[in-house]
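The values are calculated or read from the model by the stated rules, or taken from the named source; none is laboratory data. The structure presented is a predicted model; accordingly, all values stated were derived computationally and were not measured. Cβ coordinates were reconstructed from backbone atoms using ideal geometry, including for glycine residues, and neighbour counts include every protein chain displayed.
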């Protein structure tokens, strides 16, 4: 199970810059300079302006070896959406689950956790597998604090897409992997954000990514 440690998202203004020190890790999210077509390919010109995160590490950090397969992500934003793109190296891309809100992490998946104000309460979780099957849920509190996890919550206006570099569910060849693209509406993140959504320039949001 390959996971990344928590990442802090810092939004830059449309013009100028901001600097806010924020542990544990910081990613500066720049504004999208062009429209994005959510097709899973990360080939729109706007993505060229977005830096990649560090390669994902194990959830236990230096206590575990580096993951054998590379995973990384990048982010953009505009007035309507937070955009997330991810690249997952995978020599044998596969997936089986097709119904929304199935337990998607029973397949290989990519996951996003968003706790805008970083209080470990009232936060969002979105998972997607290579078949673009979505499992989105709302956490009243952390799993460790007893949740509960509300599986019947769906993010209104969520857009996701997946692109496979290879062949799906074919163990006889070697694939490059798959990419994920998401557009999360600010208006759907706002109700439990505890902070302005979209963020103001210089605001810091707590965001965590996971590959399972």
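For segment 176-185, the condition holds for at least one residue, the condition being that it is more than 14 Å from residue 81 (Cβ to Cβ), more than 17 Å from the chain's Cα centre (by Cα) and at pLDDT 95 or above. One residue alone among 82, 69 is closer than 26 Å to residue 50 by Cβ and surrounded by fewer than 18 Cβ atoms within 10 Å (Cβ to Cβ), and that residue is 69. Take the conditions exposed (fewer than 13 other Cβ atoms within 10 Å of the Cβ) and at pLDDT 90 or above and apply them to residue 48. Does it pass? Yes: the conditions hold for residue 48. If you check residue 148 against the conditions, is it over 17 Å from residue 78 (Cα atoms), touching a strand residue (DSSP E or B) at 6+ places or on another chain (Cβ under 6 Å), exposed (fewer than 15 other Cβ atoms within 10 Å of the Cβ) and without any contact (Cβ under 8 Å) to a residue 12 or more places away in the chain? So residue 148 passes the test.
Okay, residues lined up against (1) under 18 Å from residue 165 (Cβ atoms); (2) in a loop (DSSP other than H, G, I, E, B):
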residue	(1), (2)
36	no, yes
39	yes, yes
42	yes, yes
54	no, yes
67	no, yes
72	yes, no
85	yes, no
91	yes, yes
94	yes, yes
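For segment 96-112, taking the residues that are assigned to a loop (DSSP other than H, G, I, E, B) and in contact with a helix residue (DSSP H, G or I) (Cβ under 9 Å, 6 or more places away or on another chain), the one that is surrounded by the most Cβ atoms within 10 Å (Cβ to Cβ) is identified as 97. On the stretch given as segment 155-212, residues that are under 21 Å from residue 32 (Cα atoms), without any contact (Cβ under 8 Å) to a residue 40 or more places away in the chain and touching a helix residue (DSSP H, G or I) at 6+ places or on another chain (Cβ under 9 Å) total 3.
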